[in-house]
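A quick write-up on the structure given underneath.
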Amino acid sequence: MSALNPAAPPDTLRGKTYEIIFGHEPGWGRHFDAGLIVLIIASVTAVMLDSVASFSGRYGAELIAFEWAFTILFTLEYVVRLWCVKNVRAYVFSFFGIIDLLSVIPTYLSVFLPGGQYLAVIRVLRVVRVFRVFKLVRFLGEASLLSIALRNARYKIAVFLVTVLCIVIVVGSVMYLIEGPEGGFTSIPRGVYWAIVTLTTVGYGDVAPTTPLGQGLAAFVMILGYGIIAVPTGIVTAEIAQLPGGGGYHAIPCPSCEHIEVDPDSKYCRFCGVSMRHHA
């Protein structure tokens, strides 16, 4: 059974509500999701405009009213979702359940914490539903491919990050000894900051070496930065190549619970038991 099964038969009010809110077939369900996406985009736009001083000064009251209206609508939608699902806990702790909850909290938070309403931009994550609304769910398999590769490579990436951290600490300390406070390197942390900015090829230019030795070290770090950029890419690419099917891996999304099945030979979803064979 899917974790998000309806709490009542389809011929009841709760069952029909479930089909509209969680269903994505042509009809009221599709219209509901499309309208929801429009509201989400409108609400995020209102939050962004509220952060513009000139716009907020002129239309501040209207923007606040819009934000509260959107929040109330999303709150009611969240409550209805809880009402029509059979396993409330499964929905609350699902990806979309958490995002749905976080999308309504910021506006209420702003009552106690001024500026908290700007966190409402997290609602934009709900637009991910567009993949299901417009039959693009097959592309979620590609995102799952990257997620699986990153998870498999987490230890290698951790070693890589620790190595980079050691490099910037050493380089930052050496640069502090070479340039000193006179060159803008007032402390080792300041030198480490410069090393991070330089190694990542960002180069803000707010701190720069002036001595020949310091500039030589900077040139070495810049060249090293380009080489380091390729390392995590190679790690993830290697993990992708090792996934089932090699480079031709194709993930299969479960039509019921939306779990991405990584084994192309699986006949049934390991989470809800629905047949995967005709969806491959």
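Nothing in this text is a laboratory measurement; each read-out follows from the coordinates by a stated rule. All values derive from a computational prediction rather than experimental measurement. We place every Cβ from the backbone using ideal geometry, glycine too, and count neighbours over all the protein chains shown.
For VAL85, the residues whose amide H sits under 5 Å from its own are ALA7, ignoring neighbours fewer than 5 places away on the same chain, with H placed 1.01 Å from N.
Summarising the label geometry, the points placed 7 Å from Cα in the beta-carbon direction at SER51 and SER173 lie 3.8 nm from one another.
Placing dummy labels 7 Å off each Cα toward the beta-carbon, the span from ILE72 to ILE122 is 2.3 nm.
Based on every Cα atom in the stretch 1-110, Rg and the maximum pairwise Cα distance Dmax equal 16.2, 53 Å.
As a rough guide to protection, the peptides 106-117, 172-183 ranked by mean Cβ packing within 10 Å, highest first, stand as 172-183, 106-117. For THR163 and THR186, the FRET efficiency from 1/(1 + (r/R0)^6), where r spans their Cβ atoms and R0 equals 25 Å, is about 0.40. The distance between label points at ASP206 and ILE229 comes to 2.2 nm (points 7 Å beyond Cα on the Cα→Cβ vector).
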